[in-house]
Amino acid sequence: MSAAAWLLVSVLALGAAPASEEAADGYCRWLEGVADAESSLMMAPSLFATGGLVNSPLGDPSDALGVKPRLMLGLQYDFVRLYQGMTLRRRAAAECRGFRASQRLEALVGGQEQIGLAEALAARAEVLAEALPKAEAMLSRLRVELTEARSATLDELNATELRVDGLRALFAQTAREQAALAAAEPAEAADLTPLLEARRGADLESQRLAANLRESSAWGFHVRAGYDRVFGLESGAPFFATLNLSYNLGGLLQPEANARAEQGRRVWARGEDADVETRLAELRAVHAAERARLGQTRMLLADLEARLRELDSLSSEKARAFREFLWLELVKVKAEHVWLEAHTAAIARFLGEAEEAL
């Protein structure tokens, strides 16, 4: 495979969209299969056959052979191509490792919107599922009291209906979000540092092997052995063996060019890592904002619970109505609070940071 083709493969590997494990396996099978197919030609010996007519003097120039048919056939083995074939396979394996690491990174960072959602939605659903029966009973009681012209008022009923309906809507929304999340591929929690290092290491190894392939092309080192006969000429054993070594002087210019290529690749790879860091910075900003809101909901919950305890000692109808309004508001705030609590904890685990107590 040419250097340009391998460069294209590398770019596709690092910049591709997230794929499933099955797709990654397929990509690696393709990559390694191509390398095996090409390297099999490099690593195997070649058969050759040459035929023609020769007119060469033998000993004294006056003793001409005349035109004689000549046949050469045998085996040729190129040790440089053997090295290139082995290097090509190693590079395919490195490209595969880099591709898998890149896909894992894209899946993890690209799915950051789902981090902790399952836990957060489950916590909110639990609070609402526990509170809704009591809220529905409260609403039914107010309707009966209003119908029987007892203590409940129309304004009180309307306000309670709006609050209870808000809890119903939030519970239905939570169920829809849980269903959508269940249908989607779950976000995986993993430490990103080893994946970043694996991608960098695989890319550096791939580029080092590519440079070795380019530098080896300057060399030629092969052996030939076989049968060589000139028909019509008596000779001893018609066999031959040769060893050939060559070097292209252009190879002297390659080290400096390879160094430039490696430096450019490192700069480009840092840009790839910067994209990951940018997404992580966005996630840290979300985490900080939710932590701030979590502190607010914690204070609000404490305040509402204190007020409810104060109202528990009062037995008037006004105190009862106000206590029920406060309780409905407390359920709403608590649902938000447990969602934030679970979500921020999951993000902290993903980022590898300890969750500080508020």
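Going through segment 231-247 one residue at a time, which ones are free of Cβ contacts under 8 Å to residues at least 60 places away in the same chain and either assigned to a helix (DSSP H, G or I) or loosely packed, with under 12 Cβ neighbours inside 10 Å (or both)?
Hits for segment 231-247 are 234, 235, 236, 237, 239, 241, 242, 243, 244, 245, 246, 247.
If you go through segment 124-177 one residue at a time, how many are more than 40 Å from the chain's Cα centre (by Cα), of a type in the set (A, V, I, L, M, F, W, C) and surrounded by 13 or more Cβ atoms within 10 Å (Cβ to Cβ)?
Residues flagged as more than 40 Å from the chain's Cα centre (by Cα), of a type in the set (A, V, I, L, M, F, W, C) and surrounded by 13 or more Cβ atoms within 10 Å (Cβ to Cβ) within segment 124-177 amount to 11.
Please work out if residue 221 is modelled with pLDDT of 95 or more, surrounded by 11 or more Cβ atoms within 10 Å (Cβ to Cβ) and either under 40 Å from the mean Cα position of the chain (by Cα) or more than 25 Å from residue 104 (Cβ to Cβ) (or both).
The answer is yes for residue 221.
Do any helices (runs of 4 or more DSSP H) entirely within segment 1-120 hold 1 or more residues that are at pLDDT 75 or above, and if so, which?
Once the helices (runs of 4 or more DSSP H) in segment 1-120 are filtered for at least 1 residues that are at pLDDT 75 or above, what remains is 21-43, 79-110.
Of the residues 170, 128, 181, only one is in contact (Cβ under 8 Å) with a residue 40 or more places away in the chain, assigned by TED's automatic domain parsing to the domain that holds residue 344 and in contact with a Phe, Trp or Tyr (Cβ under 6 Å, 6 or more places away or on another chain); which?
Numbers: 170 fails: in contact with a Phe, Trp or Tyr (Cβ under 6 Å, 6 or more places away or on another chain); 181 fails: in contact with a Phe, Trp or Tyr (Cβ under 6 Å, 6 or more places away or on another chain).
On inspection, the qualifying residue turns out to be 128.
Can you say whether residue 235 is more than 30 Å from residue 70 (Cβ to Cβ) and assigned by TED's automatic domain parsing to the domain that holds residue 50, as far as the supplied structure shows?
No, not satisfied.
So how many residues does segment 298-357 have that are aliphatic (A, V, I, L, M) and not in a helix (DSSP H, G or I)?
Restricting attention to segment 298-357, the residues satisfying the condition of being aliphatic (A, V, I, L, M) are 299-302, 304, 306, 308, 311, 314, 319, 321, 326, 328, 330-331, 333, 335, 338, 340, 342, 345-348, 351, 354, 357.
Narrowing further to those that are not in a helix (DSSP H, G or I): 314, 354, 357.
The number of residues fulfilling the criteria is 3.
Taking residue 288 as the residue in question, decide whether it is at pLDDT 90 or above and in the same structural domain as residue 343 (by TED's automatic domain parsing).
Yes.
The values are calculated or read from the model by the stated rules, or taken from the named source; none is laboratory data. Quick caveat, the model's predicted, so the values are computed rather than measured. No Cβ is skipped: glycine too gets one built from the backbone with ideal geometry, and neighbour counts run over all protein chains shown.
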